[in-house]
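*Asks:* A single structure is presented below for examination.
The values are calculated or read from the model by the stated rules, or taken from the named source; none is laboratory data. In this text the structure is predicted, and so the values were computed from the model without any measurement. Glycine gets a Cβ as well: all are built from the backbone with ideal geometry, and neighbour counts include every protein chain shown.
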Amino acid sequence: MSRQGVTLIGLGPMGQAMVRALLAAGHPVTVWNRTPGKADGLVAEGAVRAATVADALAANELVVLSLTDYAAMYAVLEPAAAALDGRVVVNLSSDTPEQARAGAEWAARHGARYLTGGVQVPARLIGQPGSATFYSGPEDVFEAHRATLEVLTEADHRGADPGLSQVYYQALMTVFWTTMTAHLQAQALVGAHGVTAAEYLPYAVQAAETAAYFLPGIAKDVEAGRYPGDEGTLAMCAASAEHALHAARDAGLDTTVPAALAALFGRGVAEGHGAESFTSLVEVLRKPAA
């Protein structure tokens with residue numbers, strides 16, 4: 001059975017991993033990159049190098065973008081916009097939900113059907129079990145190309161709104177980068193007191209597992225808009241955050257992260273949430289800082 005041809009534009013580590021996964025599954029792949037030399041290894045493995053962006057778009061109905069952001073999409077595609085007519089563009093570049101919606105409108109004006117996506121794994125996990133990507137946009141377009149997209153990762157369609165994939169993706173990136181930065185701060189603190197990273201690691205893993213235990217309760221409170229404070233109040237949490245800040249300062253560490261946390265907790269208390277649960281901070285986060 002012949003496999004669907006795919007054009008892939010953008011050959012950074014993620015794009016290259018996607019090309020290799022598609023080739024391994026038997027899909028003909030046409031590639032283009034602003035630095036042509038990045039395609040050399042892929043061409044040796046069976047990909048076809050397009051001479052121009054217009055040629056790349058003309059080669060296949062399904063066009064996958066793996067670019068830095070939406071500004072890069074416009075820079076690459078606008079000179080060849082006439083070639084978008086009749087194409088299905090799957091933009092896996094990271095950006096804001098608003099940019100994703102604007103990109104979908106731009107593509108539609110040029111006759112293309114459009115899906116946005118947020119890849120949840122690093123390049124080395126493309127094509128591996130358990131990897132996943134959020135998609136949004138027209139469901140019929142998604143279903144028509146789902147089998148090909150699932151060569152890359154599992155495909156999770158979140159709705160017709162083209163911005164939704166980036167809503168989910170950026171939400172997870174907020175969790176990921178905040179969590180990983182917090183762990184670096186913790187490593188700096190224990191290291192300042194002579195504790196090695198290896199010694200601390202089991203406790204870091206335990207902390208991550210404990211945080212996961214609390215997530216259903218957090219979701220319940222936020223959904224209900226009720227923050228009972230029956231298992232601890234925000235005022236208590238604010239005191240704890242201050243202690244973490246002082247520990248970092250006393251150790252001679254950078255205090256950007258703990259200071260930001262202590263300031264946020266303090267705002268929550270100042271705005272009248274001191275007797276409520278930690279989860280009441282969502283009400284503070286729902287509006288810009290004064």
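*Asks:* Out of everything in region 235-285 that is of a type in the set (S, T, N, Q) and in a helix (DSSP H, G or I), what residue ends up being surrounded by the most Cβ atoms within 10 Å (Cβ to Cβ)?
*Replies:* Ser280
Matching residues to (1) in contact (Cβ under 8 Å) with a residue 12 or more places away in the chain; (2) of a type outside the set (A, V, I, L, M); (3) under 22 Å from Arg87 (Cα atoms):
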residue: Gln4; (1), (2), (3): yes, yes, yes
residue: Ile9; (1), (2), (3): yes, no, yes
residue: Gly12; (1), (2), (3): yes, yes, no
residue: Gln16; (1), (2), (3): yes, yes, yes
residue: Ala24; (1), (2), (3): yes, no, no
residue: Thr30; (1), (2), (3): yes, yes, yes
residue: Arg34; (1), (2), (3): yes, yes, yes
residue: Lys38; (1), (2), (3): yes, yes, no
residue: Gly41; (1), (2), (3): yes, yes, no
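*Asks:* Go over the candidates Gly232, Gly191, Gly217 one by one and state the one that is part of a helix (DSSP H, G or I), modelled with pLDDT under 95 and surrounded by 11 or more Cβ atoms within 10 Å (Cβ to Cβ).
*Replies:* Among Gly232, Gly191, Gly217, only Gly217 is part of a helix (DSSP H, G or I), modelled with pLDDT under 95 and surrounded by 11 or more Cβ atoms within 10 Å (Cβ to Cβ).
*Asks:* Could I ask something else about it? Can you pull out the residues in region 122-150 that are within 12 Å of Met18 (Cα to Cα) and more than 15 Å from the chain's Cα centre (by Cα)?
*Replies:* Arg124, Gly127, Gln128, Thr148, Leu149, Glu150
*Asks:* Further, regarding this structure: Which of the residues spanning region 103-116 are in contact with a Gly (Cβ under 7 Å, 6 or more places away or on another chain) and surrounded by fewer than 17 Cβ atoms within 10 Å (Cβ to Cβ)?
*Replies:* Gly111
*Asks:* Give me the residue from region 151-175 that is of a type in the set (Ser, Thr, Tyr) and crowded, with 18+ Cβ neighbours inside 10 Å and, out of that set, farthest from the chain's Cα centre (by Cα).
*Replies:* Just the residues of region 151-175 that are of a type in the set (Ser, Thr, Tyr), to begin with: 153, 165, 168-169, 174.
Of the ones still in play, those that are also crowded, with 18+ Cβ neighbours inside 10 Å are 153, 165, 168-169.
On the way: Thr153: 14, Ser165: 9, Tyr168: 8, Tyr169: 4 Å.
Filtering first and then ranking leaves Thr153.
*Asks:* Starting from residues that are within 22 Å of the chain's Cα centre (by Cα) and of a type in the set (Gly, Ala, Ser), keep the ones in region 5-61 and report whichever is farthest from Ile126 (Cα to Cα).
*Replies:* Gly10
*Asks:* Next up: Hey, among Ala132, Ala100, which residue is farther than 18 Å from Leu8 by Cα, in the same structural domain as Leu11 (by TED's automatic domain parsing), surrounded by 23 or more Cβ atoms within 10 Å (Cβ to Cβ) and of a type in the set (A, V, I, L, M)?
*Replies:* The match here is Ala100.
*Asks:* Now a separate question. Could you tell me which numbered condition Tyr200 fails, if it satisfies all but one of (1) crowded, with 16+ Cβ neighbours inside 10 Å; (2) modelled with pLDDT under 95?
*Replies:* Answer for Tyr200: the failing condition is (2).
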